[in-house]
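Engineer: Handing you this structure, nothing more for now.
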Amino acid sequence: MSTVQSERKTCTLFEFPLNERFRTYLRLEALYERWTYLLMQNSEHDHHSALMVLFEMHDFAFRYDLKGDLLIEINRYKQALNHLRHLPDLSEQKLTQTLLRLTDAQKQIEISPKFGSTLSDNDWLLNVKTRIVVPGGVCSFDVAFYYQWLQQPANVRQVDLESWLMPMMPLFEALKLLLLIVRDARKHKVCVTSDKAYQQPLNGTRFDLMQVEMPSNSPYIPDISANKHVIWLRFSLPSFRCQPQHLYVDPAQPEIPFELSLCGM
């Protein structure tokens, strides 16, 4: 979920994956964005958090066959883009550049080792990783070698963090490009609920992501369920003490306006 600024209003953008592969990709994207933010900070506490996110990314990537899945998705989008060449208002130059970037990303993934597997080559990192499972286990008197690293200048720690993630950078570069293409290929419309819910038939068309954009002052949050035929949206009021409560059908209450985008090819 992110906040986007338009010319006339500020909106909140809720983004939902419509299949398991893109659920994985959005989770990885969120981890990488968090790591990038923490990396650019200077305090030892931020860089400790960045290292924890690094371990999480390695574990996540090692658990799934990301190489195979990404290569399948890249090939699918290369074919889909090639089928658009006949469109009269399409920029041939931009299309060619995008296809070349996809091909380059594909080659970088093919020559990379299994994502997440290189952590085992670094005994220093493995020693730190074994301590973080212990609550408070990385105190200076427990892990002096890690405490000593945290006392290094911020730029030294940043170089180390970047080098430890470097074997996974082909994954994140390909992921960034793929999600950019998917989000650009969107069908957008303005919608209003009916009885506080909304149904969107897919008519056999495959999409990878769905975006729901709402005014930032709206109190409602969207809840999605979907299959290959239809998407259902219901809206809830958040609660900080229990699960969000779905809205009851009340004709006296106004319906909920929102903007819907279906992304992908």
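The values are calculated or read from the model by the stated rules, or taken from the named source; none is laboratory data. Since the model is a prediction, treat every value here as computed from it, not as a measurement. Please note: Cβ atoms are built from the backbone with ideal geometry, for glycine as well, and neighbour counts cover all protein chains shown. Please note that ligands, DNA and RNA were not included when accessible areas were found on the heavy atoms of the full protein model with its side chains. Shrake-Rupley method; radii C 1.70, N 1.55, O 1.52, S 1.80 Å.
Engineer: Do the conditions hold for K114, that is, is it surrounded by 14 or more Cβ atoms within 10 Å (Cβ to Cβ) and at pLDDT below 95? Spell out the reasoning first.
Structural biologist: Working: surrounded by 14 or more Cβ atoms within 10 Å (Cβ to Cβ): no; at pLDDT below 95: yes.
For K114, the condition - surrounded by 14 or more Cβ atoms within 10 Å (Cβ to Cβ) and at pLDDT below 95 - is not met.
Engineer: Hey, another quick one. Here are some residues: K107, K67. Which one is open to solvent by 20 Å² or more (accessible area, probe 1.4 Å), touching a Ser or Thr at 6+ places or on another chain (Cβ under 9 Å) and either within 17 Å of D184 (Cα to Cα) or among the charged types (D, E, K, R) (or both)?
Structural biologist: Answer to the check: K67.
Engineer: For the range 189-231, name all the residues that are at pLDDT below 95, under 14 Å from L13 (Cβ atoms) and in contact with a Ser or Thr (Cβ under 6 Å, 6 or more places away or on another chain).
Structural biologist: Hits for the range 189-231 are M214, S216, I221.
Engineer: Cβ-Cβ under 8 Å, sequence separation 6+ or interchain: first residue in the range 248-265 and within 14 Å of V192 (Cα to Cα) and open to solvent by 80 Å² or more (accessible area, probe 1.4 Å), partner part of a strand (DSSP E or B) and at pLDDT 95 or above. Which pairs?
Structural biologist: Qualifying pairs under 8 Å: none.
Engineer: Still on this structure: Does the range 31-46 hold any residues that are in a helix (DSSP H, G or I) and under 19 Å from V128 (Cα atoms), and which are they?
Structural biologist: Answer for the range 31-46, where residues must be in a helix (DSSP H, G or I) and under 19 Å from V128 (Cα atoms): W35, L38, L39, E44, H45, D46.
Engineer: Of everything in the range 134-163, what is buried (at least 16 other Cβ atoms within 10 Å of the Cβ) and hydroxyl-bearing (S, T, Y)? Give them in sequence order.
Structural biologist: Y146
Engineer: With the requirement that a residue be loosely packed, with under 15 Cβ neighbours inside 10 Å and acidic (D, E), what does the range 191-235 give you?
Structural biologist: Residue satisfying the conditions is D195 alone.
Engineer: All but one of (1) open to solvent by less than 50 Å² (accessible area, probe 1.4 Å); (2) of a type in the set (S, T, N, Q); (3) within 19 Å of Q152 (Cβ to Cβ); (4) not in a helix (DSSP H, G or I) hold for S49; which doesn't?
Structural biologist: That leaves (4) as the condition not met.
Engineer: Here's a follow-up. Looking only at residues that are open to solvent by 30 Å² or more (accessible area, probe 1.4 Å) and among the β-branched types (V, I, T) in the range 71-97, which one is farthest from the chain's Cα centre (by Cα)?
Structural biologist: Going residue by residue through the range 71-97, those that are open to solvent by 30 Å² or more (accessible area, probe 1.4 Å) are 71-72, 75-76, 78-79, 82-94, 96-97.
Filter again for among the β-branched types (V, I, T), leaving 72, 96.
On the way: I72: 18, T96: 26 Å.
Selected residue: T96.
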